[in-house]
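The values are calculated or read from the model by the stated rules, or taken from the named source; none is laboratory data. This is a predicted model, so every value here is computed, not measured. Ideal geometry is used to build each Cβ from the backbone, glycine not excepted, and the neighbour counts take in all protein chains shown. To get the accessible areas, we keep the full protein, side chains included, count just its heavy atoms, and leave off ligands, DNA and RNA. Shrake-Rupley method; radii C 1.70, N 1.55, O 1.52, S 1.80 Å.
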Amino acid sequence: HVVALGDDAGTVAKKAEKAAAALDLARARGDRIVLVINYESLWRDPFAAWALKQRWGLVIYDEAHRLKQPSGKASMFAARLRSHARLRLALTGTPMPHSPLDIYAVARALDSRHFGNSYHAFKQAHAVMGGFQQKQVIAYRNLDHIEATMRNFTFRVGKDVVDLPPETHVTYHCTLSPEGMRAYRSLEKDYVAQIDAGLITAANGMVVLIRLQQITGGSVRLDDDRWTVIDDSKRKLLADTLEDIGKDEPVVVFCRFRSDLDAVHKAAADLGFSSMELSGRQNDLAAWQEGKAQILAVQIQAGGVGIDLTRARLNIYYSLSHSLGEYDQSLSRVHRPGQTRPVTHIHLVAKGTVDEKIMRALEQRAEVVESVLK
């Protein structure tokens, strides 16, 4: 008997009540029971307190990379729940979404004997620290130890087992306009000056990198929080790409920023193409899947996990986040079971900008992760 404790089940307290009643009934009847609950509710009381009083035959963590933060509430609860379950299983397509260090907390949820109970010790053994106040990971070491340990508790299945069609990656380039490049170089120059002066931290450095990336998309935020468009080079490149594709082909366009989503809609409207959106501000996924629009503009943070975009075989990246995990997950939304046609991933990149650096960083981190996994 399966009991789904989703949003329609009510509050966490209601979910706990429903779970307890279902378990009591199953025990009285001698039945087996499966409880399904989301990570956001799992670690919260009163459900968490009730779950820790039970003895579970099997706990399954789907999309287990959600546990990657060792100090995260869900991850810490999973470590406690471990001793209350006879068997533990983690399922994920991206076991190390950012770096090899991400495997620690997932492994801890399964068995602390794999990498121990101290993330600090694990990090010291496998990461070389540097940068501002020696707090940034600048390299990895002893990856052969991680690889050897993972062979003891992991089973890897390649995409070939589901007989998916081939996928291809291509990159299209544009050059920022003189005005856009002036704005980009001005901000970049200030950034370099702050680095030289020792004023850059990981936090404010990321803010500057985000602003540089927003400029490559064509927009900047003014001091009064209004957005203004200063360049249309990438939007024109998107429009040219969509025009070549034609009106009859469904397309997914991944973006990082809301201003980029707006650019996608404008490019589509200028061509007379219909577009919808999946983001933190709008959810048209079901309507798009039903064929009510050709283009779906997807905010990569909102559309990277657990959704099916196989209506499209063409997947365009207008902008990327810095997360390898989000990128890998977004690729798998189109190239996944249910896809019957060859898939093409198209990356739009502004020449000589942070776009190129982000692409290289994602490729290099993917190589590091792959070297551990294979």
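The table below lists the values:
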read-out: Among 107, 64, 287: highest mean-square fluctuation, GNM of the chain, C-alpha pairs under 10 Å; value: 287
read-out: Of 45, 62, 111, the one that fluctuates the most in a GNM where the chain has Cα springs shorter than 10 Å; value: 45
read-out: Cα-projected label distance for residue 7 with residue 71, points at 7 Å along beta-carbon direction, nm; value: 3.0
read-out: Antiparallel bridges, percent of DSSP beta bridges restricted to the chain (to nearest 5); value: 20
read-out: 26 Å Cα-Cα reach of residue 351 towards lysines, excluding residues that sit fewer than 8 places from it in its own chain; value: 189, 234, 236, 266
read-out: Simple spin-label estimate for residue 356 and residue 243 in nanometres, 7 Å along Cα-Cβ; value: 2.6
read-out: Accessible carbon and sulfur surface of segment 1-139 relative to its total accessible area, %, 1.4 Å; value: 54
read-out: Highest average packing first - 46-56, 339-349, 93-103, Cβ atoms within 10 Å; value: 93-103, 339-349, 46-56
read-out: Heavy-atom surface of segment 117-181, accessible at 1.4 Å and reported per residue (Å²); value: 69
read-out: MRE, 222 nm, helices only [DSSP H, n ≥ 4, -39500 (n - 2.57), over the chain, to nearest 500]; value: -13000 deg cm²/dmol
read-out: Selected from 279, 219, 71 as most flexible by GNM, with the chain as the system and alpha-carbon contacts under 10 Å; value: 71
read-out: Restraint check, 15/292; 73/135; 73/357; 18/53; 18/73, Cα-Cα greater than 25 Å; value: 15/292; 73/357
